[in-house]
Amino acid sequence: MRFATAVIVNLALLLSLPATALGQSSAQEWQGYADALARGERHANLWQAGWTGIYGASLAINAYQASEASDRDDRYDARVGVVKSALALGGMFLDRQPHPAAHRDFRALDRGDDLDRARALIRETAANERQRRSVEARLGSLAVNTAAGLLIGVGDGRGRDGAINFATGMLISELQLQTQPRQAGRALNRFQPAQASLGELRFDYEYALLAGPDQLGVAIRY
């Protein structure tokens, strides 16, 4: 019901806007997608390298502390940290950002004939961006950090340290999610030119797909 309501409200608000001239050509639309995917690829590569480095360094530090720390509690926490860092590092290699592959696919399209395919590609990439910020995307980190917190808090009898470990892990995981690229969604939310016909009657209008964390709608202005 919330999804349907959001779509209806978006349509009602935007259809009530005053008429405007057609603002973008197909060439501009194409270039907007090209720029968005190029920025997305650069952002994705920086994000990948940065978080891989962070988790790699964390794994190395925890592996050292697991055997060399002078305090028994620190050694125990470091062993838990080794598992968490190894899982996070593995996830960086197994779950790649979609933007580099999408940009390669886009460059293979023919600018004159493949605008519909370009739109489909940008929609698919934007949907992937939304999915990577969804509640489901947080379940893996929730399970890992909950298990780590219980191992320390219950298994080792240090409730406060377990809670801190859980909260810190969830904060880092959320920061990782929120720093992901979202250029495709922003490009998709721009108004694009289109034309409709009814018999002999033809008119130009602009549309935008409104993609957000909790809604997906269509905005039209004419």
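Overall, the range 33-190 carries a charge dipole of about 420 debye about its Cα centre when +1 sits on the Cβ of Lys and Arg and -1 on the Cβ of Asp and Glu, all other atoms neutral.
Listing Tyr33, Tyr76, Tyr64 from fewest to most neighbouring C-beta atoms within 10 Å gives Tyr64, Tyr76, Tyr33.
In terms of other Cβ atoms within 10 Å, His103, His43 run from fewest to most in the order His43, His103. With the simple model of a label 7 Å out from the Cα in the direction of the Cβ, Arg132 to Asn189 spans 1.7 nm. Note on Ile122, Ile61, Ile172: ascending count of other Cβ atoms within 10 Å places them as Ile61, Ile172, Ile122, the fewest first.
Residue separation of Leu150 and Asp113 scaled by 0.36 nm, minus their Cα-Cα distance, works out to 7.7 nm of gained length.
Each label point was placed 7 Å from the Cα along the Cα-to-Cβ direction; for Thr179 and Arg160 their separation is 3.0 nm. Counting 0.36 nm for each residue step from Val83 to Ala143 and taking away their Cα separation leaves a gain of 20.3 nm.
Using only alpha carbons, the range 33-190 has a radius of gyration to Kirkwood radius ratio (Rg to Rh) of 1.12.
No value in this document is a laboratory result; all are computed from the given coordinates. As the structure is a computational prediction, the values presented were derived from the model and not from experiment. For neighbour counting, all protein chains shown are included, and Cβ atoms are generated from backbone atoms with ideal geometry for every residue, glycine included.
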